[in-house]
Amino acid sequence: MEETQKMLEKDVSRRSFLKTTGIGLGVTAGALLFGTGIAGAQTQDGVVTESPLPYAELDPEEARLRAHAAYFRAGCSYAVFYALVSMLRDKVGGPYNQIPLRMLGYGRGGAASWGTLCGTLNGAGAAINLVASDADTNKLLGDLIGWYTITPFPSQESNDVAVAQGYKYDAKAPISAALATSVSNSPLCHASVAAWIKKSGFKASAPERAERCARLCGDVAFKAITMLNTWKAGTFAATFKVSGETAGCLSCHSDDQVGKMACTSCHEPH
Ligand code: HEC
Ligand code: HEC
């Protein structure tokens, strides 16, 4: 955590990055939008723009490590938001320095521990909407949510980092064993965590369950950045499609309910 903090405060690396890669457009846009220099003094009295902020390609593996460590500070939603926005601070600076990273703390445990939308998706969505138009956010976040519902977590990759003891920003050495994986079939924290508990045999209060959610934060941060990078490059294409079964339900129930969640995770088919 301390190390991450230090990195965040390292204006030097930010400046040298800007110099060496010359992401001039993003920088200029950021500076103009905010009416201030990129890494220097910030205005404290101006109103922040409502336009999407400049995005610069980020490193998804770095995001994985930051999100994992951040989970143990303020939960899943904060963790993913923190990973993305702290990296945008490093790379773009400007307005990102004015966004409080703690603002997604409410999303933990599916919002104040209610088990609704998985906090990782909430945090990713907030960060995505900072950089993308509402229409693009719908596409990106919609696809991210779909991917989440059908992907086994924690991923092999996130387990591998743990086994290699690669979560270098964690304040305390994390559990390094590979953990059981489960598919949520749902964007809900409730279903996601319960499915994993059933599969792994660990209780909700077990440190392994927290570690599972920390790895999940890394997985979602990684995926969100991978998607944003392709979006930035102009090559993003949504890939998620609802299951045939859900599509069948929707063919009759498109106007008496709202959503794309797997219907039979809650309703009996008829
Ligand atoms: C061929 C059209 C059709 C399909 C396909 C269909 N439904 Fe229905 N469903 C209906 C009709 C008609 C009703 C009765 C509506 C009413 O009573 O207002 C209904 C009622 C329901 C209800 C209301 C509760 C109830 O039992 O009366 C639920 C929930 C529901 N469907 C869920 C589903 C799910 C989940 C699927 C997919 C597995 C599905 N439906 C597929 C036509 C369909
Ligand atoms: C997370 C659980 C969950 C999922 C997933 C879900 N529903 Fe529901 N659905 C509910 C609940 C809870 C209600 C409210 C039931 C009530 O008030 O009787 C409801 C209500 C409905 C109703 C109205 C029921 C009625 O009695 O008239 C329909 C129709 C319906 N859902 C269809 C769907 C379809 C189609 C899908 C998939 C696209 C779906 N639901 C996914 C939980 C869910």
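Points worth noting:
- Percent carbon-and-sulfur accessible area, segment 137-270, ignoring ligands, DNA and RNA, probe 1.4 Å: 59
- Taken per residue, the accessible surface of segment 128-184 reaches 47 Å², heavy atoms only and a 1.4 Å probe.
- Of the peptides 130-138, 143-151, 200-208, the order by per-residue mean of other Cβ atoms within 10 Å, starting with the highest, comes out as 143-151, 130-138, 200-208.
- Estimated inter-spin distance, residue 45 and residue 160, nm [label 7 Å along Cα→Cβ]: 5.4
- The distance linking segment 63-137 with segment 186-223 is 17 Å (Cα centroid to Cα centroid, whole angstrom).
- For the peptides 253-261, 108-116, the ranking by packing is 108-116, 253-261, with the highest mean count of neighbouring Cβ atoms within 10 Å listed first.
The values are calculated or read from the model by the stated rules, or taken from the named source; none is laboratory data. Just so it is clear, the structure is predicted and the values come from calculations on it, not from any experiment. Cβ: placed from backbone, ideal geometry, glycine included. Neighbour counts: every protein chain shown. Note: areas computed on protein heavy atoms with side chains; ligands, DNA, RNA excluded. Shrake-Rupley method; radii C 1.70, N 1.55, O 1.52, S 1.80 Å.
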